[in-house]
Amino acid sequence: MERSGELPLNELPEGCIANALSFTTPLDVARLSAVSPMFKSAAISNVVWERFLPSDVEHILSTSPDGSLLLESVSSKRELYFSVCDNPVLVDNGRRSFSLEKKSGKKRYMLSAMDLVITWSHTPRYWKWNSNPASRFPEVAELITVCWLEIRGKINSSMLSPSILYTANLVFKFSIEAYGLDDQPVEVAMKLDGDKICAHTVCWNEERRRGQQFRTARRPVDLFNFSCRRYVPARESDGHYPKRRGDGWLEIELGDFFCMEGEDGELEMRVFDGTNYWKQGLIVEGIEIRPKEGASPGS
């Protein structure tokens, strides 16, 4: 027998249920919708998906022709959410892409090769710029030949979702003429407003180089050309190897960064190989900054 004043869950107004769902996560809503018609009906409400979308998502999209077109074409907040998750939108004049992580609604950015600082990239003798049908961007950078390989990327931390552990990954491929990219582990580092967050070495080719010893660099090099707390000799990879992405590109982890609430600083990522070995055939699409897989908010 029901106690006086209590209302069964299935008799609650749909708007009340939708409001309660909005305090969960997109993943929770998907699970609840699968087990209850009551939740499934409430789960399509704009109340739910407006809370899952970043508060500035419309502003971000409105600065891009593709984003503006998307805002005009969608019929609901839910449709907008999944569209931005599944189809990264080019922003900043096509130099970056913006998307959301489907499970959480947190922001993801990829800085295109055009948005990176690549040493000698505008010298035709060393690099060339090509269109690539597999890339989301108009152009990618292809290495012709260099000894000094340096790639830098920057993003303001205020553009990212707060209280989230992010990871940065270089996204790349190899041309069929590639050579010289296995001889020496590559030094990578991240810093925030001049303070180094992390530094380690990575290997371009996991299958051919895992577990082998590498030659040391012929001269020590400061990772950022300014005072470093500690130089780490590049003898062998620290265990960071390329992984194949679902879009066919390879990626290699540059480091992690926890984005604090209210933080407003410049996050810089660097890839560096200053050895005297000639290198060729690296194709750079960009650097992706996304929530760390398996990391929960506030971790």
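The values are calculated or read from the model by the stated rules, or taken from the named source; none is laboratory data. Model, not experiment: these values are computed from the prediction. Using ideal geometry, Cβ is built from the backbone for each residue, glycine included, and neighbour counts are taken over all protein chains shown. In case anyone asks, the SASA skips ligands and DNA or RNA and just uses the protein heavy atoms, side chains included. Shrake-Rupley method; radii C 1.70, N 1.55, O 1.52, S 1.80 Å.
Observations, loosely collected:
- Only residues that are open to solvent by less than 20 Å² (accessible area, probe 1.4 Å) and more than 15 Å from LYS173 (Cβ to Cβ) were counted in the range 123-149, giving 2.
- Residues in the range 108-129 that are outside any strand (DSSP E or B) and either in contact (Cβ under 8 Å) with a residue 24 or more places away in the chain or not polar (S, T, N, Q) (or both): ALA113, MET114, ASP115, LEU116, THR119, TRP120, HIS122, PRO124, ARG125, TYR126.
- Within the range 39-57, the presence of a residue that is over 18 Å from SER104 (Cα atoms), surrounded by fewer than 18 Cβ atoms within 10 Å (Cβ to Cβ) and at pLDDT 90 or above is excluded.
- GLY246 touching a Ser or Thr at 6+ places or on another chain (Cβ under 7 Å), farther than 23 Å from VAL146 by Cβ and modelled with pLDDT of 90 or more: no
- Residue among VAL47, VAL146, VAL74, VAL91 that is β-branched (Val, Ile, Thr) and within 16 Å of LEU282 (Cβ to Cβ): VAL146
- Which numbered condition GLY105 fails, given (1) outside any strand (DSSP E or B); (2) touching a strand residue (DSSP E or B) at 6+ places or on another chain (Cβ under 9 Å); (3) touching a residue at least 40 places away in the same chain (Cβ under 8 Å): (2)
- Among the candidates GLY265, GLY255, residue that is open to solvent by less than 40 Å² (accessible area, probe 1.4 Å), modelled with pLDDT of 90 or more and touching a Ser or Thr at 6+ places or on another chain (Cβ under 7 Å): GLY265
- Test: residue in the range 204-223 that is closer than 20 Å to THR119 by Cα and modelled with pLDDT of 50 or more: yes
- Among the residues listed as SER64, SER73, SER68, the single one being more than 16 Å from the chain's Cα centre (by Cα) and surrounded by fewer than 14 Cβ atoms within 10 Å (Cβ to Cβ): SER73
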